[in-house]
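S.K.: My questions will all concern the structure given below.
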Amino acid sequence: MSTNQQRVAMITGGNSGIGFATANKLAAKGFIVILASRNQQASAQAIARIQAVNPNANVESIPLDLSSFASVRQCASAFQAKGTPLHILINNAGGSVPGKQASFTVDGFEMTFGTNHLGHFLLTNLLLDDLKQSASAQVITVSSELHNPDYAKGPVPDFDYDNLKGEKYYNPQVFYRNSKLANMWFAYELQRRLTGTGVTSNAVCPGFVPAAIAARRNSPIEKFFYAQIMARMPFARSLEQSSASYLIAAADPAFEGVGGKFIVDGKEKASSKDSYDEEKAQRLWELSWEWCGLI
Ligand SMILES: NC(=O)c1ccc[n+]([C@@H]2O[C@H](COP(=O)([O-])OP(=O)(O)OC[C@H]3O[C@@H](n4cnc5c(N)ncnc54)[C@H](OP(=O)(O)O)[C@@H]3O)[C@@H](O)[C@H]2O)c1
């Protein structure tokens, strides 16, 4: 393995929230960090903020809109044109799309599923040879404990291929939880397919991070509620804690060579029963492959 000085990490959604906190930590550890983001102006600001603290930080950005297969392909090509290795890929970007109506990606998939799962599925597969050639290497996919029906109150995941585009109903919480279950199936199936390559695949949950949620809210009351009230709850995690947990999954010797795990608070944790269903994971993989035009 090369030293940290030469190691390269790409993170999606690294301009804000947990992704930004993680990019900052990776840069401080001497990684060459690539922010893959849909807002290059925000990336320039993020890079400036990182370099203000650490003038030697080696951070750059590449355009990526996960809701467009063409953009994902352009991002992979732009990365490959640099001719650098890739040691860590953190599939972090995403979230849920609020509202009563489903919205859709450029390619016609429901936005939350298309962005959180399909965009990352395509990006990872396009970069897989780079990761293999750079091994040892890690793919970290950010899921959430909300993929687990037993984890929290509220509507449970309902992964239904006949309702993937909201044909029967749309509920943003259900679709978010479904996308995070898809992230689990993807991370575990990827690990099975990577056996013996020196590349590992794990899923992480950053925990409940009110600071990241507050930053997205427009209403001052909601901002206050998340930043000042929820952030003080014992079950809340700070940006510092959640990004430290990503770093453990991505770069701690404890997880070197370890794949197929769900990592929460820097420790392995059991995920939902459904997430371990290999047939379901394989079915999603094969369909995603086709939908992403990888055949
Ligand atoms: N915060 C929590 O409590 C919590 C809990 C469990 C899991 N998570 C997961 O943690 C990850 C990071 O979330 P966060 O809380 O840090 O939220 P965040 O600050 O909203 O970060 C999400 C990032 O994803 C980017 N993004 C969204 N859609 C994109 C697209 N189509 N193409 C490219 N980038 C896109 C956003 O970019 P823009 O700035 O351009 O919008 C943003 O940088 C997400 O996967 C989330 O589901 C968060």
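Since every read-out is calculated from the coordinates, none of them should be taken as a lab result. Since we're looking at a predicted model, the values are computed, not measured. FYI the Cβ positions are ideal-geometry reconstructions off the backbone, even for glycines, and counts take in every protein chain you see.
S.K.: Label points 7 Å out from Cα along the Cβ direction at Phe224 and Tyr151: separation in nm?
M.R.: Going by the 7 Å Cα→Cβ label model, 3.0 nm.
S.K.: Quick check: Cα centre of the stretch 236-295 to Cα centre of the stretch 12-47, how many Å?
M.R.: Measuring centre to centre over Cα atoms gives 20 Å.
S.K.: Follow-up question, since we're still on this one. Rounded to the nearest 20 debye, what is the charge dipole size of the stretch 76-176 about its Cα centre when +1 sits on each Lys and Arg Cβ and -1 on each Asp and Glu Cβ?
M.R.: My answer is approximately 260 debye.
S.K.: Once you've got the GNM for the chain with C-alpha springs shorter than 10 Å, pick whichever of Leu35, Leu247, Leu64 has the biggest mean-square fluctuation.
M.R.: Top of the fluctuation ranking is Leu247.
S.K.: Check Phe208: other-chain or 5+ apart residues with amide H under 5 Å from its amide H, H built from backbone geometry?
M.R.: Arg237
S.K.: What is the chain's relative contact order, in percent, from Cα pairs under 8 angstrom and six or more apart in sequence?
M.R.: It comes to 17 percent, rounded to a whole number.
S.K.: Taking amide hydrogens as modeled 1.01 Å from N in the peptide plane, which residues meet the under 5 Å criterion relative to Ile62, leaving out close sequence neighbours?
M.R.: Placed amide hydrogens put Leu35, Ala36, Ser37 under 5 Å from Ile62.
S.K.: To continue, here is another question. Students often forget the sequence filter, so: which aspartates and glutamates lie under 15 Å Cα-Cα from Lys168 once same-chain residues fewer than 8 apart are removed?
M.R.: Of all the aspartates and glutamates, those that pass the test against Lys168 - Cα under 15 Å, at least 8 places apart if same chain - are Glu110, Asp158, Asp160.
S.K.: In addition: So which DSSP H runs in the chain come out at 27 Å plus along the axis (Cα) with average Kyte-Doolittle of at least -1.0?
M.R.: 172-194
S.K.: Select from the stretch 199-295 those GluC sites (Glu not before Pro) which occupy a DSSP coil region and have at most 13 other Cβ atoms within 10 Å, ordered by residue number.
M.R.: Here the sparse-neighbourhood loop sites are Glu256.
S.K.: Let me ask something additional. Of Lys153/Lys267; Lys82/Lys132; Lys82/Lys180, which pairs sit farther than 25 Å apart, going by alpha carbon to alpha carbon?
M.R.: Among Lys153/Lys267; Lys82/Lys132; Lys82/Lys180, the Cα-Cα distance tops 25 Å for Lys82/Lys180.
S.K.: Around Val139, what is the net charge, scoring Lys/Arg as +1 and Asp/Glu as -1 over all other residues with Cβ under 15 Å from its Cβ?
M.R.: The answer is +1.
S.K.: Sorted by packing (mean other beta-carbon atoms within 10 Å per residue), highest first, where do 52-59, 163-170, 37-44 land?
M.R.: So the order, starting with the most tightly packed, is 37-44, 163-170, 52-59.
S.K.: Right, here's the next one. Treating only the Cβ of Lys, Arg, Asp and Glu as charged (+1, +1, -1, -1), what charge dipole size does the chain show about its Cα centre? Round to the nearest 20 debye.
M.R.: 820 debye
S.K.: Given only helices, namely DSSP H runs of n ≥ 4 each adding -39500 (n - 2.57), what is the per-residue ellipticity at 222 nm of the chain, to the nearest 500 deg cm²/dmol?
M.R.: Mean residue ellipticity at 222 nm (helix-derived): -12500 deg cm²/dmol.
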